[in-house]
Amino acid sequence: VWSCDVSKFDWEYADEEHCFIIEGKITVFVGDESYKISKGDYVIFSKGLKCVWEVFQPVRKYYLFK
């Protein structure tokens with residue numbers, strides 16, 4: 001389980017990540033696109049993805065790298 005308080009940060013995925021959002025609200029920015037993620041969402045982030053995370057409500061997620 002990973003958790004994060006309200007914040008904004010750059011991130012790059014070294015491996016593919018699968019995660020289930022337990023709680024929180026996030027917007028992930030990839031280039032000109034943005035994706036809203038919140039409690040109950042299952043998300044797959046591709047290996048090599050470069051993005052910006054903006055956390056609006058503290059996040060907790062289960063995650064697995066593949």
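The values are calculated or read from the model by the stated rules, or taken from the named source; none is laboratory data. The model shown is predicted, which means the values in this text are computed figures rather than measured ones. Positions of Cβ are backbone-derived with ideal geometry, glycine not excepted, and every protein chain shown enters the neighbour counts. These area figures cover heavy atoms from the full protein model, side chains too; ligands, DNA and RNA do not enter into them. Shrake-Rupley method; radii C 1.70, N 1.55, O 1.52, S 1.80 Å.
For residues that are of a type in the set (Gly, Ala, Ser) and in a strand (DSSP E or B), scanning just the range 26-47, find the one that is farthest from the chain's Cα centre (by Cα). Walk me through it before giving the result.
Taking the range 26-47 and keeping what is of a type in the set (Gly, Ala, Ser), we get 31, 34, 38, 40, 46.
Narrowing the set further to residues that are in a strand (DSSP E or B) leaves 34, 38.
Working: 34: 12, 38: 9 Å.
Applying the filter and picking the extreme gives 34.
Consider the range 1-15. How many of its residues are open to solvent by less than 70 Å² (accessible area, probe 1.4 Å), out of contact with any Leu (no Cβ under 7 Å at 6 or more places or on another chain) and closer than 22 Å to residue 66 by Cα?
Step one: of the range 1-15, the residues open to solvent by less than 70 Å² (accessible area, probe 1.4 Å) are 4, 7, 9, 13, 15.
If we keep only those that are out of contact with any Leu (no Cβ under 7 Å at 6 or more places or on another chain) as well, we get 4, 7, 9, 15.
Right, trim to closer than 22 Å to residue 66 by Cα and you get 4, 15.
Adding up the residues that qualify gives 2.
Give me the pairs, please: first residue somewhere in the range 24-36 and more than 19 Å from residue 1 (Cβ to Cβ), second residue anywhere and small (Gly, Ala, Ser) and open to solvent by 40 Å² or more (accessible area, probe 1.4 Å), beta-carbon distance under 6 Å, and either six or more positions apart or on two chains.
27/34
Checking the conditions here, which among 54, 23 is in a strand (DSSP E or B), surrounded by 13 or more Cβ atoms within 10 Å (Cβ to Cβ) and over 11 Å from the mean Cα position of the chain (by Cα)? Walk me through it before giving the result.
Values: 54 fails: over 11 Å from the mean Cα position of the chain (by Cα).
When all the criteria are applied, what remains is 23.
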